[in-house]
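Heads up: the structure comes next, in structure tokens.
Read the figures in this text as sums done on the coordinates, not as results from a lab. Remember, it's a predicted structure, so these values are computed and weren't measured experimentally. Note that each Cβ is placed from the backbone with ideal geometry, even for glycine, and that neighbours are counted across all protein chains shown.
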Amino acid sequence: MAETSTMAGYGSIGASLIGAGFSAYASIQAGKMQQQMYELNALIGRKQGEYAIEKGQIQEQVVRYNTKQTIGKQRVSYAAQNVALDDGTALEMQKDAAKWGEVDALRVRNNAAMEAWGYRLSANSQSIQGSLGMMSAYAQAGAAGISGIAQSGQTLALMKK
């Protein structure tokens, strides 16, 4: 009878250790999956940031083109009225249009940079979350291993009584 009890005890110890091993493995695999998900989100965020800059560059060019169009229309209008283009009000109006067109172009550039910064910040946060998730998985795996060892030790101690 004692042998049966001893065999059952060792079986319980083995089952505890195997269960702890499976639990640790599952924790690590879940952590890897979580890290991959966060890294994919980070990659998407970085790509969105790049796209925001490219989109801003195109919009900036459009604003500058439209400003040139506006100045050209002003010049045509003044010329049709026989107003000197390089003097007085006509010249001031063209300068103002150029100045405010440049302000608009720079505002577009700044907005694109801020949008890209937000995406990069989010991407960095996602990368950190992935790393923390992996660290948490290793901690859970370690806890499962320690728990399995402790339970096995407790079973072994009860067997020795």
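Annotations
- Euclidean distance between Cα centres, the range 138-152 to the range 50-107, Å: 70 Å
- Each of Ser136, Ser12 was scored by other Cβ atoms within 10 Å of its Cβ. Arranged with the fewest first, they read Ser136, Ser12.
- Placing a pseudo-label 7 Å from each Cα along the Cα-to-Cβ vector at Ser136 and Arg109 gives an inter-label distance of 4.2 nm.
- Karplus-derived HN-Hα couplings along the range 104-110 (A = 6.51, B = -1.76, C = 1.60, θ = phi - 60°), whole Hz, x at Gly and Pro: 4, 4, 5, 5, 4, 4, 5
- Sequence-ordered 3J(HN,Hα) estimates for the range 58-73 from the Karplus curve with 6.51, -1.76 and 1.60 and θ = phi - 60° stand at 5, 5, 4, 4, 4, 4, 5, 4, 5, 5, 4, 4, 4, 5, x, 5 Hz, glycine and proline given as x.
- Legend: calculated FRET efficiency, Ala84 to Gln61, from the Cβ-Cβ distance at R0 = 41 Å, rounded to 0.05, equals 0.85.
- Calculated mean residue ellipticity, 222 nm, the chain: -36000 deg cm²/dmol, from DSSP H runs (n ≥ 4) at -39500 (n - 2.57) each, averaged per residue and rounded to 500.
- Sorted on the mean count of surrounding Cβ atoms within 10 Å across their residues, most packed first, peptides 49-58, 88-97, 74-83 read 49-58, 88-97, 74-83.
- Förster radius 45 Å - calculated FRET efficiency between Tyr10 and Glu39 (Cβ-Cβ, nearest 0.05): 0.55
- Cα-based shape type of the chain, given that a ≥ b ≥ c are square roots of the gyration tensor eigenvalues and the cut on a/c is 1.5: prolate
- Theoretical gain in end-to-end length, Lys160 to Ile128 [0.36 nm per residue, Cα-Cα removed]: 6.7 nm
- Size of charge dipole - the range 2-160 - debye, nearest 20, with Cβ of Lys, Arg +1 and Asp, Glu -1, no other charges: 80 debye
- Here the peptides 119-127, 146-154 are ranked by packing, the mean other Cβ count within 10 Å, and the order with the highest first is 119-127, 146-154.
- Sequence-distant contacts, meaning Cα pairs under 8 Å at least 6 residues apart, place the relative contact order of the range 41-147 at 48 percent.
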